[in-house]
Amino acid sequence: MTENEIAYTTDLITDYAEVVIPLALPLNYTWAIPERLKEAAVVGCRVEVNLGKSKRYAGVIKRIHKKPPEFFEAKEIVNVLDAEPVVFDSQLQLWEWIAKYYMCTEGEVMAAALPAHFKLSSETILVFNEEAGEDFTELGNEAFLVAEALLLRKELKLTEVQQILDSTHVYPVVNYLIQQKICYVWESLKERYSPKKETYVLLSPAYTDEVALEQLLNTDKKLQRAEKQLELLLAYLHFQKTEGAITKSALLKKAGATEAQLKGLVDKGVLFLEKRAVDRIRFLPKEINVNFELSPAQAKALDEIRGILKEKDVCLLHGITSSGKTEIYIHLIEEQLRMGKQVLYLLPEIALTSQTIRRLQRHFGGHIGVYHSRFSQNERVEVWNKVKDGSLKIVLGARSSLFLPFQELGMIVCDEEHDTSYKQMEPAPRYHARDAAIYFASLFEDCKVVLGSATPSFESFSNAMHQKYGLVSLAERFGNLALPEIAIADTRRYRTKEFAGTILYPPLVESIHRALEHKTQVILFQNRRGYTPYQRCNTCGWVPQCKHCNVSLNYHKFYNKLVCHYCGTTYPPLVTCPSCGGHDFVQKQFGTERIEELLQELFPAAKIGRMDIDAVRGKHAHDQLIQTFEQQKLDILVGTQMVVKGLDFEYVSLVGIVDADGILSFPDFRVNERSFQLMEQVSGRAGRKHGTGQVMIQTAQPTHPVLLEVQQHDYQKLFNDEMPKRQQFGYPPYTRLIRLTFKNKIREVVQDAAAWFFNSLQNRYKDFIVGPSEPVINRVRNQYLMELLLKLPRSSKIIDSCKKEVLYNIALMHQEKRYRSVVVIPDVDPY
DNA sequence: AGCACGCCGACT
DNA sequence: GTCGGCGTGCTC
Ligand SMILES: [Zn+2]
Ligand SMILES: [Zn+2]
């Protein structure tokens, strides 16, 4: 073949690309790679592809091969969008693993993994950045053309850029312009997140060199007659050295100085003020500053972890509240950093407060990036790129930061590993970030996982007991802080008429009085108002249980029956309490608002705050409320699970758990584990620095084993008590669960479909399948729901084949006319 | 996810 | 008679 002939055979396709597009397709589709894109089409790059008649998507190339598809004509890739891959092989492998394990599609994983802006479409709008100036002569030819157009028009659609440039060059040029900050991708107001700003104090550049500073302090006339200002300046220099950047409010508080004194220094040009966002990275110097001493207990734990990680991939750090796990992580992170490796530090979303962020910034400055759902898409892309090119070494992030393109990952820390927010519930991919992180780490040469918790999940703890993970315990509170005294207020003693309907009983009220008298603060905890109506004995707190499933029964008002929401068995309603003979059951539930009202009546002089989902709906309301409370502008804080996380309240002397019985009767097989975790963490908020704190638990079941275990802080006993029950009733960690939710408009149809499915799995999974049952909330967005639960033995062979069987049966069911539109949602390892 | 195709009710 | 409701199926 001559050169001429080659030139005429451009439509001869030899290469094909398997592409993941952000859709719930059961398998990946294949597109043909035209000759002109052969060079550019690389695995991990985004490509623009047509699907159907008129849709265009940005997908990611997963695989390139030379096998022409047999059963269809592959369309050509329209364009390659990236000059270099946006994801590495390890991301593609993670996507595939998650899709298989959690029974969803790779497209769904991709949609969750990539920042929305990577899913660029031709309708995307570019906005000119007014701060970019007007001089674009430094840019390349094509970028120059687009920049000029942007300067003129202020906004351009991607299709319009396409008209300016040769169509194959659009995306590389646009990416370049975004990187140069000449334009950014338009975001609707709703998406935009204005980072929380704080005023920082900085030394004027004129005095950053030692000599000038020396002169200022000793001989300069500027400060000779302003002793207080000099004092403040010295204090500033001290804090700057020990803590790095310092905020205005912190400086004034710590130095005991006034606004006027600071203003004096600012006016004289010695210091200046600057508003900065705490969770943004660019201002902080890239330094490593781990200069604190570990306690002997911490040092020992650190050594043990190091030793274990030489042999095992995962180490569980079981450290009681306030034992100082974070300091240990900081040392481990430092080691990775010094080896040039990256570190992912996972935290539950609500623990990711500016307090937590600043604490790590103090040690790692600009090496740290933050990634969470409140970030705008533009910011996510920025962090994404910096992780990919290795300029960010540490990412402090919530669940979804697992998808970032790390290249040289040395360690993943998963703090509060028991936290339920690591599991994504809606929509797919319903993955568990902790478990997926362990898989992800295995893709790297030498990447270790450290799980940390004061109250480990039974899954992790039993893995540690079976030597699958290493286990290190830290049983000593840092600085030997006293553990709070845990008092149990027995509400059965107040059963006379005058106490009917009481929410805050005398012992708790009295303790609050005392705390307020001592000018200390109080936290009251109340569980989120459950939508689960149940029958609970008003006298002894007893709640009927399902004899098959060992969970609390729900009360169905309409049918006047008790029903198990796992297996669907119904029971007659209670008339007489089998535990105490009482006859009084139904009770109204109350939330934090009601408690807040009551407190206002009881303590009219106290300043009371409320922290729950509703009260902190705004962007920074959560941070703000924490700060207000920390500054002792509130006396009592009433809250739900939110008060449990990321708080470090010094002046709290009393924590009250208003309704322990409500917590203990939650209809979930993990109730006891959860209750212990919750109460243990709530207790941790009491008496952290100033004397012994008190925790008061109101309950009608003062001898409930979990309460005693909380009182003794005895996790091991809880574990030993609970595990036999898990085994007996077939629950994790002895089994693996898959929950199937069926959805349809017509109630009878879902019910029948679930029954059909149950029957169809009967022959092979008879002993493992529970249900069908109607969930408590049986209708969501006009769709009725039904559930089946699979309790599978822990053999990956059985689990894998069962997953296949389930998918096969879904397809089979959809062939049945009546069930065609029944949607089945599998949830693997529901939490 | 879209979008076309197709099958039934009520409207100029 | 046709218009438009949405349930169903398909997209490399
Ligand atoms: Zn009773
Ligand atoms: Zn049951």
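The values are calculated or read from the model by the stated rules, or taken from the named source; none is laboratory data. Everything numeric here is computed off the predicted structure, so don't read it as measured data. Positions of Cβ are backbone-derived with ideal geometry, glycine not excepted, and every protein chain shown enters the neighbour counts.
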Review point. Being surrounded by 20 or more Cβ atoms within 10 Å (Cβ to Cβ) and in a helix (DSSP H, G or I), is that true of even one residue in region A:305-317?
Key: yes
**Study point:** Some residue of region A:617-635 being at positive phi, more than 16 Å from ligand 2 (Cβ to nearest atom) and in contact (Cβ under 8 Å) with a residue 12 or more places away in the chain
**Key:** yes
Check your understanding: Which of the following residues is within 9 Å of DNA strand C (Cβ to nearest atom) and either of a type in the set (A, V, I, L, M) or surrounded by 14 or more Cβ atoms within 10 Å (Cβ to Cβ) (or both): A:Ala40, A:Ala32, A:Ala58?
Key -> A:Ala32
**Study point:** Among (1) surrounded by fewer than 17 Cβ atoms within 10 Å (Cβ to Cβ); (2) among the β-branched types (Val, Ile, Thr); (3) more than 16 Å from ligand 2 (Cβ to nearest atom), the one test that A:Thr592 misses
**Key:** (1)
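Regarding A:Thr105, is this residue modelled with pLDDT of 95 or more and either within 14 Å of DNA strand B (Cβ to nearest atom) or in the same structural domain as A:Arg430 (by TED's automatic domain parsing) (or both)? Let's see the steps before the verdict.
Details: modelled with pLDDT of 95 or more: yes; either within 14 Å of DNA strand B (Cβ to nearest atom) or in the same structural domain as A:Arg430 (by TED's automatic domain parsing) (or both): yes.
Answer is yes for this residue.
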Check your understanding: Do we find a residue being touching a Leu at 6+ places or on another chain (Cβ under 7 Å) and over 23 Å from A:Lys745 (Cα atoms) anywhere in region A:774-790?
Key -> yes
Practice item. Could you grab the pairs with beta carbons closer than 6 Å, sequence gap of 6+ or different chains, first residue in region A:450-468 and closer than 18 Å to A:Ser323 by Cα, second one at pLDDT below 95 and among the acidic types (Asp, Glu)? Key: A:Thr455/A:Glu680
Review point. Residue check: is A:Asp800 acidic (Asp, Glu) and farther than 24 Å from A:Tyr571 by Cβ?
Key: yes
Exercise for review: For region A:554-582, name all the residues that are closer than 11 Å to A:Tyr534 by Cβ, out of contact with any His (no Cβ under 8 Å at 6 or more places or on another chain) and in contact (Cβ under 8 Å) with a residue 40 or more places away in the chain.
Suggested key: A:His565
Practice item. Scan region A:590-597 and give yes if some residue there is touching a residue at least 12 places away in the same chain (Cβ under 8 Å), of a type in the set (D, E, K, R) and either in a loop (DSSP other than H, G, I, E, B) or within 16 Å of ligand 1 (Cβ to nearest atom) (or both), otherwise no. Key: no
Check your understanding: If you go through region A:367-389 one residue at a time, do you hit one that is part of a loop (DSSP other than H, G, I, E, B) and aromatic (Phe, Trp, Tyr)?
Key -> yes
Practice item. Return the pairs, sorted by first residue and then second, in which the second residue is assigned to a helix (DSSP H, G or I), the first residue lies in region A:22-44 and is within 16 Å of ligand 2 (Cβ to nearest atom), the beta carbons are less than 6 Å apart, and the residues are 6+ apart or on different chains. Key: none
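Against the condition out of contact with any Asp or Glu (no Cβ under 9 Å at 6 or more places or on another chain) and away from ligand 1 (no atom under 16 Å from the Cβ), how does A:Cys540 come out, does it pass?
So A:Cys540 does not fit the description; no.
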Point to revise | Of all residues making up region A:250-279, the number that are exposed (fewer than 13 other Cβ atoms within 10 Å of the Cβ) and of a type in the set (D, E, K, R) | key: 4
Exercise for review: Output the residues belonging to region A:521-544 that are under 30 Å from A:Gly609 (Cβ atoms), at pLDDT 90 or above and out of contact with any helix residue (DSSP H, G or I) (no Cβ under 9 Å at 6 or more places or on another chain).
Suggested key: none
